[in-house]
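Presented below is the structure to which this report refers.
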Amino acid sequence: MNLLFVTHYGELYGANKSLLDQCEGLIRAGINVFVLAPLGNDFEQLAMQKGIELIGFNNFSKYTVTTILKPTIKTKIKEILKKVLCRISVGRNSKKIAKIIKKNDIDIVHTNCSVILEGAVAAKKAKVPHVLHIRECLEPAYNSKYSCPRFAKKMLYDSSKSIITISNTVKNYISPMVDNKSKIKVIYDAVELETDKDLLTSLNEKKVFVSTGVISRQKGFHDAIDAFAKMSIDAQEQAELWIVGGYDENDSYYQELLQKTDQYKLTEKVKFLGFRNDIGNIIKNAYCGLTCSYMEGLGRTTIEYMLSGKPVIGSNSGATVEILHNNETGLIYEYGNTDELAIKMEYLIKNSCIAQKFGQAGREYAEYEFSKERYTNLLLKVYEELLEKKDK
């Protein structure tokens with residue numbers, strides 16, 4: 001079986017980390033895996049280290065999705081222009097990809113997220129089955145929509161032979177757009193937490209709360225800072241908050257976080273560590289993981305906390321409540337309620353035995369539920385069913 005994955009970006013965030021995990025498991029199972037992706041980035045370097053065959057493609061359309069803005073004459077004109085540019089650029093790109101599919105005798109095309117159309121259109125042109133992997137809830141989580149909604153529905157949701165969602169939350173979100181709902185399969189991502197003894201972060205005597213992910217408002221880092229500031233002075237003295245994720249120093253949201261930290265006089269307590277390749281070791285030296293996101297599609301970082309044996313405090317938004325079991329592997333709080341979050345953070349500071357119990361239970365659950373072996377077997381079943389239908 002020759003399988004082509006399609007991804008449109010080169011940073012090592014959740015979707016691409018999961019893609020690498022998928023490729024490794026499938027290669028071990030004897031599948032010939034190709035990945036169509038932009039080159040010259042961190043993803044390329046790590047993929048090459050893992051022996052994954054890459055096909056460079058740096059021209060994915062920038063017009064497939066657009067930010068939802070207040071309707072004005074100006075925004076309506078921009079939307080019309082994006083719709084035209086989307087159709088033109090996707091059509092041009094998909095012709096090139098269809099040639100790649102035929103050249104490499106690809107049996108199945110698997111697009112790694114729902115914000116690009118090229119993989120689905122190219123698969124249709126090349127007459128091979130297309131699998132759509134949906135990892136996000138576009139509108140509620142990212143305030144985004146398709147520039148060409150009818151075209152996107154036809155090519156992504158209608159023409160895809162199988163649709164994989166990473167959680168029931170994502171499945172429920174996309175279901176209204178899918179006519180044949182039997183195509184939808186929920187498969188949780190596989191997650192492995194890698195550590196490197198040579199990169200170990202120095203041990204910290206403080207009880208460190210860690211929150212990881214790309215620095216964006218959807219991830220709720222502002223709530224984590226507000227909650228830390230609302231804890232008692234005694235609790236603050238015992239703790240620190242580490243925010244780990246890539247950011248642009250000129251980004252308005254990042255500047256907002258810095259201003260909050262300065263306003264609360266917490267510059268010695270709240271640390272911004274930036275993007276880190278040794279995330280496993282960062283988490284290893286933390287005390288508790290925080291998932292403050294709004295409408296998280298699954299929550300790879302939540303799973304990473306669990307795999308490291310850390311308790312998790314997570315919001316009741318999105319798929320976090322699917323994988324975080326309240327009072328078993330951690331604690332759930334009402335999204336946006338920073339008073340409640342502060343109380344639960346302080347509770348775990350004062351009850352280390354309970355925190356340890358949650359962490360152990362979380363590790364046992366995550367090691368089974370999100371194992372590569374289990375994940376690979378589920379993917380293989382999807383592919384084999386598609387090829388059987390194709391042969392009939």
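The numbers here are math on the coordinates, done by the rules we state, and not lab data. Predicted model, so just to flag it, every value in this text is computed and none were measured. Using ideal geometry, Cβ is built from the backbone for each residue, glycine included, and neighbour counts are taken over all protein chains shown.
Put in order of Cβ neighbour count within 10 Å, fewest first, the listed residues Thr7, Thr165 become Thr7, Thr165. Between the Cα long axis of helix 352-369 and the first principal axis of the chain there is an angle of about 10°, rounded to the nearest 10. Remark on region 255-344: ratio of C-alpha radius of gyration to 2.2 N^0.38 Å is 1.13.
Here the Karplus relation 6.51 cos²θ - 1.76 cosθ + 1.60, evaluated at θ = phi - 60°, turns the backbone of region 58-63 into coupling constants of 10, 10, 5, 4, 8, 10 Hz, with x for every Gly and Pro.
Based on every Cα atom in region 197-369, Rg and the maximum pairwise Cα distance Dmax equal 14.6, 43 Å. When Phe57, Phe221, Phe275, Phe370 are arranged by Cβ crowding within 10 Å, least crowded first, meaning fewest neighbours, the order is Phe275, Phe57, Phe370, Phe221. Each Lys and Arg contributes +1 and each Asp and Glu -1, all at the Cβ; summed about the Cα centre of region 197-369, the dipole is approximately 340 debye. Among Met48, Met306, a tally of other beta-carbon atoms within 10 Å of each Cβ gives an order, fewest to most, of Met48, Met306.
The fraction of all Cα pairs in region 86-148 landing in successive 5 Å bins from 0 to the largest distance is 4, 18, 25, 22, 16, 9, 5, 1, given as whole percents. Straight Cα distances below 20 angstrom link Lys83 to the lysines Lys62, Lys70, Lys74, Lys95, Lys145, Lys153, Lys154, with same-chain residues fewer than 8 positions distant left out.
GNM on the chain, alpha-carbon springs under 10 angstrom: the most fluctuating residue among Gln263, Gln236, Gln360 is Gln263. Highest GNM mean-square fluctuation among Tyr63, Tyr333, Tyr264, for the chain modelled with Cα contacts below 10 Å: Tyr264.
When both region 273-323 and region 41-74 are represented by their alpha-carbon centers, they are found 24 Å apart.
Of Asn316, Asn59, Asn281, the residue with the greatest mean-square motion in the GNM of the chain, using alpha carbon springs below 10 Å, is Asn59.
Going by alpha carbons, how many degrees (0 to 90, nearest 10) lie between the helix axis of 338-350 and the longest principal axis of the chain? Compared with the principal axis, the helix lies near 60 degrees.
The Cα atoms of region 1-76 cover 54, 24, 20 Å along the three principal axes, with the biggest extent listed first. Computed from Cα atoms alone, the Kirkwood hydrodynamic radius reported for region 203-292 is 13.1 Å.
Output needed: percent of Cα pairs per 10 Å distance bin for region 42-139, bins running from 0 to the one holding the longest distance. For region 42-139, the pair-distance distribution reads 14, 37, 33, 13, 3, 0.
Three principal axis extents describe the C-alpha atoms of the chain; from largest down they are 66, 54, 38 Å. The C-alpha atoms of the chain define a longest principal axis, and helix 372-391 lies at about 20 degrees to it.
Direction-averaged projected area, Cα convex hull, region 201-250: 4.2 nm², rounded to one decimal. P(r) tail for region 321-392: Cα pairs beyond 14 Å make up 71% of the total.
Across region 98-251, counting alpha-carbon atoms alone, Rg and Dmax equal 21.1, 65 Å.
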